[in-house]
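I have placed the structure first, in the form of structure tokens, so that the comments after it can refer back to it.
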Amino acid sequence: MTTISHEYKRVFVWEVPVRIFHWVNFIAIIALIATGILIGNPPALMSGAEATNQYWFGINRFIHFAAGYIFTLNLVYRVFWSFMGNKYANWKVFFPFSKKRRKNMSHVLKSDILLQNLKNSSFSNISVGHNAVASFSYLIFFILILLQIATGFALYADNATWWFPKLFAWVIPLFGGDALVRLMHHIIMWFVIIFSIVHIYLVMYHDWLEGRGEVSSMFGGFKFVRKERVDIKKELND
Amino acid sequence: MSTTEKKQDTYYESIIKNGFSRRDFIKFTAFMAAYLGYETSAVAQIATALKTTPRLPIIWEHYQECTCCSESFIRTNHPIVADIILDKVSLDYTLTLMAASGHQAEAAKKATMDKYKGEYILAVEGSVPMGEDGIYCCIAGKTALQQLQEAAAGAKAIIAWGSCASSGCVQSAKPNPTGATPIHKIITDKPIIRVPGCPPIGEVMAGVIVHVIAFGKLPELDRQGRPKAFYAKRVHDSCYRRPYFDAGLFVEEFDDESAKKGHCLYKVGCKGPVTYNSCGSIKWNNGVSYPIQSGHGCFGCSEDNFWDNGPIYERLTNVPGFGIEANADKVGMVAAGVVAGAAAGHAIASTMSKRKEHKGRVDSGKDIEKQVD
Ligand code: HEM
Ligand code: SF4
């Protein structure tokens, strides 16, 4: 083991498309949860008023559907970028199939989830892009939101005139009816909320502990790695 | 009933013989074409078909059911339906309405099955019990399953009337003690049309039969085997209270001010948003009213397994396995709370466990601090 200095180098991790995706996703999810909760259980707002002059519930649903479209297209854009972008954005990072990623996964589970203080710290354990546990959680999240999109558009399909929502019409007979599909759509929302809590907490935890710019990386795109790590790689390449 | 007839009357002939005028007949065809959602040119097509086709033999079976489908059918708002389609001409066998009983009735059925093999329509009201070898429902010494298989063998097509025959209805609600099973899960080699509802609307039933008579085939079906003309739209999307939904004006309790004003019943459990049927447009009892118009939410009787789809007077369904009072939101809130608590616990634990590691960084950061101005 080399002696560790406290000198860092700046790496460009998240490209502009990744960051745009992240924040569009963030806004869309907040909008979808807020409007979705209102759809699920509308509060008795303005109940004294006449129907003629208000349409707030219709507007709320409109925002939900519009945000649903943005959310979906944004996801398509991210999938596309996983074939175009840099190595941290690549689709491969989401699958824990390589030995390296599995090793990293066990490291993260021990060190960051179970909070053990491990003796043998090696650079390869410290992730630059997503760590293996995080990226795997995004894979599960991806499946979850695909289900959310499928159930959402299936419910929407009946009123749609465009072919795109109709692509999902088969979901309703698959689950036997709208009622169950709506309940699933509602339950998946809670998984999305739980994912978000864990996600935000862990980002803050890593930022606090490691001081490598975890939180700000999603704004500016940069993270920091130890100088030695870059030097070793240089030596290897020479 | 009429299996002994020699020459068969066409529908038109029997209608005239029964004292209706030609004018009544044309009105009836126009009325049917409208319900089926056809343009006016179809009126002539239906009229021609009824003038030229001899009666369509129908065997109407009753298994595990309450006969509300038959009741609904004989209350369709055009007398020709009850008088001609049902009474006089078509039904060769129907336990409820036929004059014959016992051996005679069974003989009439057998005669129709032999004589019109491959031509008759089998209409089924009720589900078939599959538990205990089907002994929960026996007719003329045979189980409903045997009866169904025999009758289905020579049928041209099968109409599954009502929620019992098309999805099992209340008998198949959990825990389904008799193993009640809908028709399409038993007979798989015949065209089957599902006409769900508890009961289905009489006009819908008449529309289906008239379509089969007039066009010689089943009407266009959706993915779930239901006639598109009647089940393509949600009750919610044809509901006259919909403007209140969009305005966010909801009944909170059945005796509140909003209930008096006729606001939307969404929050008192209306299943209109998840139910496909024509109640909002055709209505019931000669178009007088339908549940929502009478101040009660739709309870989704035409949806599969509607008895197990959650409480009638509440919006959000209970989550299975979490006890009676646990709806999805309560479970979700508790789960989110637990997870947030775990995160907080993790945060506290990490300040202790990672104390040294963190302190090293803070110290070196402080050193640097001294080196900058
Ligand atoms: C993170 C993503 C999403 C969340 C958290 C979410 C949340 C919700 C919630 C809580 C409901 C109310 C369900 C109920 O209690 O009945 C709902 C309804 C609905 N959502 Fe979503 N949703 C999301 C994505 C989508 C997408 C992508 C679409 C596609 C357009 C969509 C379409 C719908 C539709 C059609 C309804 C039924 C609304 C109605 O008929 O009034 N949702 N959503
Ligand atoms: S009463 Fe029921 S069907 Fe009618 S608008 Fe309200 S929720 Fe929809």
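Given the whole protein assembly as supplied and a 1.4 Å probe, what does the accessible area of B:Thr52 come to in Å², nearest 10?
90 Å²
Please say if the range B:235-331 is rounded, prolate or oblate, where rounded means a/c under 1.5 for a ≥ b ≥ c the square roots of the C-alpha gyration tensor eigenvalues, and otherwise the choice is prolate for a/b larger than b/c and oblate otherwise?
It comes out oblate by the Cα gyration axes.
Going by accessible area, probe 1.4 Å, with all protein chains left in place, what is the ranking of B:Glu303, B:Glu357, largest first?
Descending accessible area places them as B:Glu357, B:Glu303.
With θ set to phi - 60° and the Karplus curve 6.51 cos²θ - 1.76 cosθ + 1.60, what are the ³J(HN,Hα) couplings of the range B:226-239 in order, to the nearest whole Hz, using x for Gly and Pro?
My calculation for the range B:226-239 gives 9, x, 4, 4, 10, 10, 7, 10, 6, 4, 4, 8, 10, 7 Hz in order.
Amide H neighbours of B:Thr181 under 5 Å, at least 5 residues apart or on other chains, H built in the peptide plane: list them.
When sequence neighbours closer than 5 places are left aside, the close amide H contacts are B:Val128, B:Met130.
Give the cysteines in chain B for which no other Cys Cβ lies under 4.7 Å away, or write none if there are none.
Cys with no partner Cβ under 4.7 Å: B:Cys66, B:Cys68, B:Cys69, B:Cys137, B:Cys138, B:Cys239, B:Cys264, B:Cys270, B:Cys279, B:Cys298.
From other protein chains only, count the Cβ atoms within 10 Å of every residue's Cβ in A:168-178, then give the mean.
Counting other chains' Cβ atoms within 10 Å and averaging over A:168-178 gives 4.
Find the eigenvalues of the gyration tensor of the Cα atoms of chain B, then list the square roots of 5 times those eigenvalues as equivalent ellipsoid semi-axes, largest first, in whole angstrom.
57, 26, 19
Restricting things to alpha carbons, find the Rg to Rh ratio for the range A:54-116 using the Kirkwood radius for Rh.
Ratio of gyration radius to Kirkwood radius for the range A:54-116: 1.28.
Top mean-square fluctuation among A:Ala132, A:Ala154, A:Ala44, Gaussian network model of chain A, C-alpha springs under 10 Å?
Between A:Ala132, A:Ala154, A:Ala44, it is A:Ala44 that shows the largest mean-square fluctuation.
Please give the solvent-accessible surface of A:Met46 in Å², to the nearest 10, using a probe radius of 1.4 Å with every protein chain present.
110 Å²
According to the square roots a ≥ b ≥ c of the eigenvalues of the Cα gyration tensor, what is the shape class of chain A, taking rounded for a/c under 1.5, prolate for a/b larger than b/c otherwise, and oblate for the remainder?
prolate
Mind checking which of B:Ala206, B:Ala343, B:Ala123 has the largest fluctuation in a GNM of chain B, springs on alpha carbons under 10 Å?
Its mean-square fluctuation being the largest, the pick is B:Ala343.
Hey, with R₀ at 60 Å, roughly what FRET efficiency would B:Ala153 and A:Phe219 work out to, going by the Cβ-Cβ distance, to 0.05?
That gives a FRET efficiency of 0.25.
Can you list the equivalent-ellipsoid semi-axes of the range B:97-199, largest first and in whole Å, using the square root of 5 times each Cα gyration tensor eigenvalue?
Working from the Cα gyration tensor, I get semi-axes of 22, 16, 12 Å.
Mind listing the long-range amide H neighbours of A:Val11? Cut-off is under 5 Å, sequence gap 5 or more, other chains count too, H placed in the peptide plane at 1.01 Å from N.
Those qualifying (amide H under 5 Å, at least 5 residues apart or on another chain) are A:Lys223, A:Phe224, A:Val225.
Tally the DSSP beta bridges in the range B:11-231 and give the antiparallel ones as a percent, rounded to 5.
25 percent
Using modelled backbone amide H atoms (1.01 Å from N, in-plane), which distant-in-sequence or interchain residues come within less than 5 Å of B:Tyr120's amide H?
B:Lys156
What total accessible surface area, summed over both chains, is buried at the interface between chains B and A, computed with a 1.4 Å probe and given in Å² to the nearest 100?
Approximately 4300 Å² gets buried when B meets A.
State the answer as a single residue: which of B:Pro311, B:Thr67, A:Leu114 lies farthest towards the positive end of the charge dipole of the protein assembly as shown, with beta carbon charges of +1 for Lys and Arg and -1 for Asp and Glu, about the Cα centre.
Highest projection toward the positive end goes to A:Leu114.
Could you order B:Arg241, A:Arg102, B:Arg361, B:Arg223 by accessible surface area, starting with the largest, using a probe radius of 1.4 Å?
So the residues, ranked largest to smallest area, are B:Arg223, A:Arg102, B:Arg361, B:Arg241.
With θ taken as phi - 60° and the coefficients 6.51, -1.76 and 1.60, list the Karplus ³J(HN,Hα) couplings across the range B:175-184 in order, rounded to whole Hz; mark glycine and proline as x.
Using θ = phi - 60°, the values come out as x, 6, x, 9, x, 4, 10, x, 4, 5 Hz.
Starting at the first residue of the range B:51-67, write each ³J(HN,Hα) from the Karplus equation 6.51 cos²θ - 1.76 cosθ + 1.60 with θ = phi - 60°, in whole Hz, x for Gly and Pro.
Values per residue, Gly and Pro as x: 6, 9, 7, x, 4, 8, x, 10, 9, 10, 9, 10, 10, 6, 7, 10, 6 Hz.
Positive end of the charge dipole of chain A (Lys, Arg +1 and Asp, Glu -1 on Cβ, about the Cα centre): tell me which of A:Asn53, A:Asn25, A:Phe142 has its Cα farthest that way.
My answer, from the dipole projection, is A:Phe142.
Give the value in nm², to one decimal: projected area of the alpha carbon convex hull of the protein assembly as shown, averaged over all directions.
38.0 nm²
Once R0 is set to 41 Å, what does the formula 1/(1 + (r/R0)^6) return for the Cβ-Cβ distance between A:Phe62 and B:Lys17, expressed as a FRET efficiency to the nearest 0.05?
Plugging the Cβ-Cβ distance into 1/(1 + (r/R0)^6) gives 0.10.
In degrees, nearest 10, range 0 to 90: what is the angle between the Cα axis of helix A:132-157 and the longest Cα principal axis of chain A?
Roughly 10 degrees between the two axes.
Given R₀ = 56 Å, what would the calculated FRET efficiency be for B:Gln45 paired with A:Phe95, taking r from the Cβ atoms and rounding to 0.05?
That pair, B:Gln45 with A:Phe95, gives E of 0.40.
Dividing the Cα convex hull volume of the range A:1-111 by residue count, how many Å³ per residue is that?
201 Å³
Please give the average number of partner chain Cβ atoms lying within 10 Å of the Cβ of each residue in A:180-189, rounded to a whole number.
Going residue by residue through A:180-189 and averaging, the value is 5.
Shielding by partners for A:38-49, please: the mean number of other protein chain Cβ atoms within 10 Å of each residue's Cβ.
Averaged over the peptide's residues, the number is 5.
Quick check: with the 1.4 Å probe, what order do B:Lys115, A:Lys110, A:Lys87 take by accessible area, largest first?
A:Lys87, B:Lys115, A:Lys110
Tell me what the protein assembly as shown gives for mean residue ellipticity at 222 nm when only DSSP H runs of n ≥ 4 count, each as -39,500 (n - 2.57), the sum divided by the residue total, rounded to 500 deg cm²/dmol.
Mean residue ellipticity, 222 nm, calculated: -15000 deg cm²/dmol.
Build a GNM of chain B with springs between Cα atoms under 10 Å: which of B:Asp308, B:Asp255, B:Asp24 gets the top mean-square fluctuation?
Looking only at B:Asp308, B:Asp255, B:Asp24, the biggest GNM fluctuation is shown by B:Asp255.
Given Cβ point charges of +1 (Lys, Arg) and -1 (Asp, Glu) and nothing else, what value in debye, to the nearest 20, does the dipole of chain A about its Cα centre take?
With only Lys, Arg, Asp and Glu charged at Cβ, the dipole is about 980 debye.
If a/c stays under 1.5 just call it rounded; otherwise compare a/b with b/c (prolate if a/b is bigger, oblate if not). Do that for the range A:113-166, with a ≥ b ≥ c from the square roots of the Cα gyration tensor eigenvalues.
Here the range A:113-166 falls in the prolate category.
Would you list, by chain and number, the lysines whose Cα falls below 16 Å from the Cα of B:Lys228, excluding same-chain residues fewer than 8 positions away?
B:Lys228 reaches A:Lys166, B:Lys217.
Sorted by mean Cβ packing within 10 Å, highest first, what order do the peptides A:145-151, A:204-210 take?
Put in order of decreasing packing, that is A:145-151, A:204-210.
If contacts are Cα pairs under 8 angstrom and at least 6 residues apart, what is the relative contact order of chain B in percent?
Relative contact order, chain B: 13 percent.
Could you work out what % of the accessible surface of the range B:11-231 is carbon and sulfur, using a 1.4 angstrom probe and leaving DNA, RNA and ligands out of the count?
Reported share for carbon and sulfur atoms: 55 percent.
Can you work out the accessible area per residue across the protein assembly as shown, with the rest of the protein chains kept in place, probe 1.4 Å, in square angstrom?
49 Å²
The values are calculated or read from the model by the stated rules, or taken from the named source; none is laboratory data. Fair warning: this is a prediction, and the values are worked out from it, not measured in the lab. Positions of Cβ are backbone-derived with ideal geometry, glycine not excepted, and every protein chain shown enters the neighbour counts. Side chains are part of the model used for accessible areas, which takes the heavy atoms of the whole protein and leaves out ligands, DNA and RNA. Shrake-Rupley method; radii C 1.70, N 1.55, O 1.52, S 1.80 Å.
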